[in-house]
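Here, each number is a calculation from the coordinates, and none is a lab measurement. Model, not experiment: these values are computed from the prediction. Don't worry about glycine lacking a Cβ; one is built from the backbone with ideal geometry, like all the others, and counts go over all protein chains shown.
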Amino acid sequence: MSWEFETDEVFQAELDWIDAFVRTEVEPVDQLVSDPYDVGDLLRNELIRPLQRAVKQRGLWACHLSPRLGGRGYGQLKLALMNEILGRSSSGPIVFGCQAPDSGNAEILAHFGTEDLKHRYLEPLLDGAIVSCFSMTEPQGGTDPTQFRTRAELDGDHWVVNGEKWFSSNARYAAFLIVMVVTDPDAPPHRRLSALVVPADTPGVEIVRNVGAPGEPVGEGTHAYIRYHDVHVPADHMLGQPGEGFLVAQTRLGGGRIHHAMRTVARVRWAFDAMCQRALSRTTTRGERLADQQMVQEMIADSWIEIEQFRLLVLRTAWKIDRYEDYQLVRADISAVKAAMPKVYHDVAARALQLHGSIGVSNEMPFGDMVIDSFRMGLADGATEIHKVTLARQILGRYEPTEDLFPSYHVPRARHEARERLGEVLERAERTDAAERARP
Ligand SMILES: Cc1cc2nc3c(=O)[nH]c(=O)nc-3n(C[C@H](O)[C@H](O)[C@H](O)COP(=O)(O)OP(=O)(O)OC[C@H]3O[C@@H](n4cnc5c(N)ncnc54)[C@H](O)[C@@H]3O)c2cc1C
């Protein structure tokens, strides 16, 4: 029997080191670097590269990956415990070599890329020298990939790509993009798409504009609206076979979704800690602490319960991924985590904002951005509704309908079956009872 809720001492020592390192070395960098993905920013490189070297020396670089890919084969459960710390900081995942979307893109390059592609893109990606982009969503609808229109047609030894993509994160900094293209429009919906590695400097790749977050200047964001005009890509830049795009995308999206959830645990814990400190520090007009008000106590209690429930679901899902080594077998769990994430994030961040009053709603606190970020988490890698549908379908697939008019658990039926099975005992008890009562 093994059913543990403890971290072994050796790994706990690593987590303690990570916690102290992030607090003292990485979190200050967040205050100075405008975008940790911008590998062309000199200040960013001066501050982040030495930290990356320190992490490599400690043996904690990209350590969820297998040794074949330069990691330590820690897997998802240990990564979850690390991400619960790293997610506090916007630079944390980059400093430790496990940031989205690069970690997922590295996984598919490793699985499906040629040796040449691995040499040109995977090695510098894993080394932290470049960043990448996953370009899938289209302007006419992201939730339903069967609507995608970006076409790639084979012309000699090149694919020629034409179409538009929307919200391709970090395209402006990326050395290459993994672009999902329609290669066979007449195939069944899930066999139409293929995945192509497109070097970012290929002629015809045009960033129409970089869409930003609320509050950012228009056009200065990091989510690119991209046009691909007659982009020529060598035929061997395809990941997997033509028509295997969905399979390739699932390889990265399964991991990507749970990684977002792991980092979200860090963020909601940060908001919760802030809420508790504020509740103990701030007095109300009646001179009592916020912490002494029952409605505030309810906020604290509800937040703690929701965070712990969510964290346990994330950890168990990570454990299952390591155990089964097959994302398909953990699909329901990953969808459950993905659907639960925006709600717990939103509710805890919104309570923290409310409890901080005017300073909470100001741009001197991160709570407003966290509330918006909860909506981002409900969209990136698939809308919540879609994940709820996936979860429900998977769960319902484990049940059988009854042929009877009344349900199998209908009380009269259950009672009848119990009598059938235990009738003798019942009759014996009734006889004994009658005999007892007949005694003078
Ligand atoms: C922060 C962020 C980063 C992103 N990064 C990337 C990236 O790097 N690369 C990339 O390719 N994409 C990226 N995306 C895009 C993301 O994958 C899409 O936003 C997502 O798939 C939803 O597509 P959509 O935005 O077109 O929404 P739509 O398809 O227009 O859906 C809008 C809403 O309609 C509802 N809805 C839609 N379909 C259904 C349904 N069947 N049942 C019930 N309700 C439904 C949902 O509420 C949904 O949120 C990113 C998105 C965000 C927010």
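Couple of notes before you dig in:
- Selection within the stretch 344-365 - free of Cβ contacts under 8 Å to residues at least 40 places away in the same chain and within 16 Å of the ligand (Cβ to nearest atom): His346
- Any hit, the stretch 197-204, residues being of a type outside the set (Ser, Thr, Tyr), away from the ligand (no atom under 16 Å from the Cβ), farther than 19 Å from Arg120 by Cα and in contact (Cβ under 8 Å) with a residue 12 or more places away in the chain: yes
- Subset of the stretch 318-340 [more than 17 Å from Thr251 (Cβ to Cβ) and in contact with a Phe, Trp or Tyr (Cβ under 7 Å, 6 or more places away or on another chain)]: Ala340
- Where Ser335 falls short, out of the listed (1) out of contact with any Asp or Glu (no Cβ under 9 Å at 6 or more places or on another chain); (2) among the polar types (S, T, N, Q); (3) surrounded by fewer than 22 Cβ atoms within 10 Å (Cβ to Cβ): (3)
- Number of the exception - Cys276 against (1) touching a residue at least 12 places away in the same chain (Cβ under 8 Å); (2) closer than 30 Å to His111 by Cα: (2)
- Filter result (within 16 Å of the ligand (Cβ to nearest atom), in contact with a Gly (Cβ under 9 Å, 6 or more places away or on another chain) and not in a loop (DSSP other than H, G, I, E, B)) within the stretch 107-151: Glu107, Ile108, Phe134, Glu138, Pro145, Gln147
- Evaluation of Ala380 against (1) away from the ligand (no atom under 14 Å from the Cβ); (2) among the hydrophobic types (A, V, I, L, M, F, W, C); (3) part of a loop (DSSP other than H, G, I, E, B) (one fails), failing number: (1)
- Residue in the stretch 107-123 that is surrounded by fewer than 24 Cβ atoms within 10 Å (Cβ to Cβ) and touching a Lys or Arg at 6+ places or on another chain (Cβ under 8 Å) present: yes
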